[in-house]
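*Asks:* The structure's right below; bear with me while I get my questions together.
The values are calculated or read from the model by the stated rules, or taken from the named source; none is laboratory data. Given the structure is predicted, the values throughout are model-derived calculations rather than measurements. All Cβ positions, glycine included, derive from the backbone under ideal geometry; neighbour counts span all protein chains shown.
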Amino acid sequence: MKYYADDVNLHARIHAMKSRLIPLEGYASLLRDQEASYDKGSGSRGMIEAKEAVFREQIKAIVHLAEATRRYAPLFIAFLRLYEADNVKLILAKAFGRQGLEQWYD
């Protein structure tokens, strides 16, 4: 636990979490809107499109990073495959009824 909660670590974590928050105006608009999540009139298709939009937004930084230079692209792809392999292991463990560490990588 040494250095786990030191000032630098805590500052970095707080800064990272704060950067993920939406601005105050965004929260106000969520409260004003009747339906803030997605169009329920379009049914399950709307939910799929909403999830795809969130996925594209989250993966955008990784894609830009991987495309930044072709020299490091194999390294980034290897890390993505490593995370995908861990997700597959988790799915297989659940399918066979084994208890394992549940850490899902998006």
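*Asks:* Between a first residue in segment 60-84 that is hydroxyl-bearing (Ser, Thr, Tyr) and a second residue that is modelled with pLDDT under 85 and surrounded by 11 or more Cβ atoms within 10 Å (Cβ to Cβ), which pairs have beta carbons less than 6 Å apart while being 6 or more apart in sequence or on different chains?
*Replies:* Taking only residues 6 or more apart or on different chains, the pairs are 83/105.
*Asks:* While we're on this one: Of the residues in segment 69-106, how many are surrounded by 11 or more Cβ atoms within 10 Å (Cβ to Cβ) and polar (S, T, N, Q)?
*Replies:* 1
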